[in-house]
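Here is the structure we will look at, set down as structure tokens.
Read the figures in this text as sums done on the coordinates, not as results from a lab. Please read all numbers here as calculations on a predicted model, not as lab measurements. Note that we place each Cβ from the backbone using ideal geometry, even for glycine, and neighbour counts take in every protein chain shown.
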Amino acid sequence: MTVTVEELAEMETVSKRFRISSDQAAELRGDQHQDQAGEELTVTWQRVTDRAPSVLVTVPVGEDAWALPVPHRPGWLVDLITAKAPGWWLK
């Protein structure tokens with residue numbers, strides 16, 4: 001997907017960080033990152049005019065806590081995303 005400079009200028013973005021259980025964190029990290037500490041995730045909602053809104057979920061991994069994108073969306077995560085989403089994102 002290509003995004004123009006003009007679209008970036010009008011993009012609405014809201015990010016929130018949430019505390020989650022150890023089991024939920026392990027579920028999102030996957031097998032290769034099970035040894036990582038941290039029970040939080042960041043949800044970023046985005047919207048650009050004339051495009052469908054999007055959401056990015058990340059969890060911190062590694063010594064430097066890099067943000068690892070999470071493609072997996074278990075039911076509890078979908079509930080969190082929709083319950084905490086900004087009003088403009090749900091339209």
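So here's what we get for this one:
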read-out: Karplus-derived 3J(HN,Hα), 6.51/-1.76/1.60, for each residue of segment 20-29, Hz, glycine and proline x; value: 10, 6, 4, 5, 5, 4, 5, 4, 7, 6
read-out: Size of charge dipole - the chain - debye, nearest 20, with Cβ of Lys, Arg +1 and Asp, Glu -1, no other charges; value: 380
read-out: Point-to-point label distance, SER21-THR82, nm (Cα→Cβ direction, 7 Å offset); value: 2.1
read-out: The chain - percent relative contact order, Cα under 8 Å, separation 6 or more; value: 25
read-out: Dipole of segment 5-90, positive direction: furthest Cα of GLY62, THR82, ILE20, with charges on the beta-carbon; value: THR82
read-out: Principal-axis tilt of helix 75-84 within the chain, Cα atoms, nearest 10 degrees; value: 50
read-out: Identified option (computed semi-axes √(5λ) of the Cα gyration tensor in Å; candidates (i) 24, 16, 12; (ii) 26, 15, 10; (iii) 45, 37, 7); value: (ii)
read-out: Spacing of the two label points (7 Å from each Cα toward its C-beta) at THR4 and GLU40, in nm; value: 3.7
read-out: Per-residue Cβ neighbour rank within 10 angstrom, fewest leading, THR2, THR42; value: THR2, THR42
read-out: Net charge over other residues, Cβ less than 13 angstrom from the Cβ of GLN24 (K, R count +1; D, E count -1); value: -2
